[in-house]
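Reading through the structure tokens given below for one structure.
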Amino acid sequence: LPTPPPFELREATEGEVGRIKGDALRLAGHVAAARTAMTTPYIRGERDPQLLAAIGLLERAANDDGRARKFLEAAAQAKAARPRAYLELAKMRFAEAAAKPAETQARFSAEQTVAVLTPLFTARTQTPPLAEVYELIADTWTASDALPTLRHLAVLDEGVRLFPRRVPLVRKAAGLYARHGHAEQADALIALGLRVAEDEASRADFIALRDSPMGSGR
């Protein structure tokens, strides 16, 4: 085995200790103790991006969306490396846009679309990859008044390559390609969906799309 590169040990910061302990407590189901472990260093002035993301996710899981939004926005601003934090922030922005859509046919405006997609595209660059990120990208374009180009939709191909057996993702991508007139891409995804669908309802959905005016049966 090759010799590993040199590294230096250091004392963990108070924010790192709070985040690690808090995450462990959260996973064990001790939400109150997790909140104390994480917020204590925050109250003392720690603003580590990872700590902000962890607090935001904790509050999101506890259904305190007001506090969750505050910390997730701060984590995104500080460029935290935690894709789940960006996904949850995008979900909140999506819900906000859905509650107050643009006037045109009750769909997302271009500005609302960008607001949702921005954290999702940040999450794409981080590990681990999350199938939900690509599904929400598809949902956003479906709800948007803006017309995606083929280049915009190509990001869904990346998601399908990473998660080829994720039937909802394949179906959403196929539907978007078909809706916007990209028959070749839609047909390929429909064929994939028919191969990986594990139940008759899913297969019937892909068949219906294939035989619809938008699909290959037109």
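The values are calculated or read from the model by the stated rules, or taken from the named source; none is laboratory data. All figures in this text were calculated on a predicted structure; none of them were measured in a lab. Glycine also receives a Cβ, built like all others from the backbone with ideal geometry; neighbour counts cover every protein chain displayed. Keep in mind that these areas ignore ligands, DNA and RNA; they rest on the heavy atoms of the full protein, side chains included. Shrake-Rupley method; radii C 1.70, N 1.55, O 1.52, S 1.80 Å.
For the chain, give the magnitude of the charge dipole about the Cα centre (Cβ charges: +1 Lys/Arg, -1 Asp/Glu; no others), in debye to the nearest 20.
120
Would you calculate the separation in nanometres between label points at Leu1 and Ala81, each defined as 7 Å from the Cα along the Cα-to-beta-carbon direction?
2.1
With a ≥ b ≥ c the root eigenvalues of the C-alpha gyration tensor of the stretch 61-176, is it rounded (a/c under 1.5), prolate (a/b larger than b/c) or oblate?
Taking the square roots of the gyration eigenvalues as a ≥ b ≥ c, the stretch 61-176 is oblate.
Just the number, please: carbon plus sulfur as a percent of the accessible area of the chain, 1.4 Å probe, no ligands or DNA/RNA counted.
Ligands and nucleic acids excluded, carbon and sulfur reach 56 percent.
Please identify every one of the trypsin sites (Lys or Arg not before Pro) in the stretch 104-183 that sits in a loop by DSSP and has no more than 15 other beta carbons within 10 Å of its own beta carbon.
Here the sparse-neighbourhood loop sites are Arg165.
How far is the Cα center of the stretch 125-161 from the Cα center of the stretch 8-73, in Å?
If you average the Cα positions of each part, the centres end up 29 Å apart.
At 1.4 Å probe size, with every protein chain present, just tell me what the per residue accessible area of the stretch 1-83 comes to in Å².
Per residue, the stretch 1-83 has 63 Å² of solvent-accessible surface.
If you keep only loop residues by DSSP, which GluC sites (Glu not before Pro) in the stretch 171-218 have at most 16 other Cβ atoms within 10 Å of their Cβ?
Sparse-neighbourhood loop GluC sites (Glu not before Pro): Glu198.
Subtracting the Cα-Cα distance from 0.36 nm times the residue separation, let me have the gained length for Glu16 to His30 in nm, one decimal.
Between Glu16 and His30, full extension yields 3.2 nm more.
Percentage of Cα-Cα pair distances in the stretch 10-108 greater than 18 Å, rounded to whole percent?
The answer is 47 percent, as a whole percent.
Just to check, using Stokes-Einstein with a Kirkwood Rh over alpha carbon pairs, what's the diffusion coefficient of the chain at 37 °C and 0.692 mPa s in µm²/s?
In µm²/s, the coefficient rounds to 169.
Using θ = phi - 60° and the Karplus form 6.51 cos²θ - 1.76 cosθ + 1.60, what ³J(HN,Hα) does each residue of the stretch 204-214 get, whole Hz, x for Gly and Pro?
5, 5, 5, 5, 4, 5, 4, 8, 7, x, 7
Collect residues whose amide H, placed 1.01 Å from N in the peptide plane, falls under 5 Å from the amide H of Ser144; neighbours closer than 5 in sequence don't count.
Hits under the 5 Å cutoff: Phe108.
Over the stretch 158-203, give the accessible area per residue in Å² for a 1.4 Å probe, as an integer.
52
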